[in-house]
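The values are calculated or read from the model by the stated rules, or taken from the named source; none is laboratory data. Because the structure is a prediction, the values reported are computed rather than measured. Neighbour counts run over all protein chains shown; Cβ positions are idealised from the backbone, glycine included.
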Amino acid sequence: MKTIYITIALMIVSTLSLNAQDANTKATAGIKGGYNISSVSFDGNSETEKLHGYHIGIYGESYIGKYFAIQPEILYSKQGYKIIDNSGTYTQKLDYLNIPLMLKLYPVKSFFLEAGPQIGFSISHKETFDSGFILYDTSKEFEPSNFDWGINLGTGFKSDAGVSLGVRYHIGQSDIYNEDKPKNRVWQIYLGFEF
């Protein structure tokens, strides 16, 4: 089932990228990567401790006018969260294949604002519980949902040489588990390099 989702998502991204390239001859592609600060929001009220990770992938940027561009991406992203209480520290690491589709606005030449939807597919996960006593440490698996989606908002700078520096915030809309409505929250700081 996961393979079907990935295939459909890749077909959609490819089609949108090709259509955008037809609309304007200025289209580029590149690689990007950066630092993640992730957490999970429970019931929209409380947020977990942050977990540090990274993301890396490819993107294509196609201009659809003087000030607008569409940027589809395919990213491998290490996310997750920590819960720290009196009994110890619970950590869940979640690996995703994320596919954002960003609409970028360039109000001035080198500065952009971006927003757009993102779908994600859970690739793997790992849980640990550290009670502070080796004898009582346990590892219990909680199976996350295979599919995730949400909205991205961001901003950044792009040089004439095609080097981008940006920051983005992902607001997950899909529940990771069936209970307590946990949703992904991810800050990303990234560098992009056009081919």
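Being at pLDDT below 95, of a type outside the set (S, T, N, Q) and in a strand (DSSP E or B): is that true of LYS126 here? Break it down stepwise before answering.
Working: at pLDDT below 95: yes; of a type outside the set (S, T, N, Q): yes; in a strand (DSSP E or B): yes.
Considered against the rule, which asks whether it is at pLDDT below 95, of a type outside the set (S, T, N, Q) and in a strand (DSSP E or B), LYS126 comes out as yes.
Going by what's in this entry, would LEU101 be described as modelled with pLDDT of 95 or more, touching a Gly at 6+ places or on another chain (Cβ under 9 Å) and either crowded, with 18+ Cβ neighbours inside 10 Å or aromatic (Phe, Trp, Tyr) (or both)? Give the derivation first.
On the way: modelled with pLDDT of 95 or more: yes; touching a Gly at 6+ places or on another chain (Cβ under 9 Å): yes; either crowded, with 18+ Cβ neighbours inside 10 Å or aromatic (Phe, Trp, Tyr) (or both): yes.
So LEU101 fits the description; yes.
Show the residue pairs meeting these rules: Cβ distance below 8 Å; 6+ apart or different chains; first residue within the stretch 105-119 and farther than 17 Å from ILE64 by Cβ; second residue part of a strand (DSSP E or B) and acidic (Asp, Glu).
So the pair list comes out as ILE119/ASP148.
Would you mention how many residues in the stretch 158-181 are polar (S, T, N, Q), over 17 Å from GLN79 (Cβ atoms) and loosely packed, with under 14 Cβ neighbours inside 10 Å?
First, pick out the residues of the stretch 158-181 that are polar (S, T, N, Q): 159, 164, 173-174, 178.
Next, only the ones that are over 17 Å from GLN79 (Cβ atoms) stay: 159, 164, 178.
In the following step, the residues that additionally are loosely packed, with under 14 Cβ neighbours inside 10 Å were identified as 159, 178.
Qualifying residue count for the region: 2.
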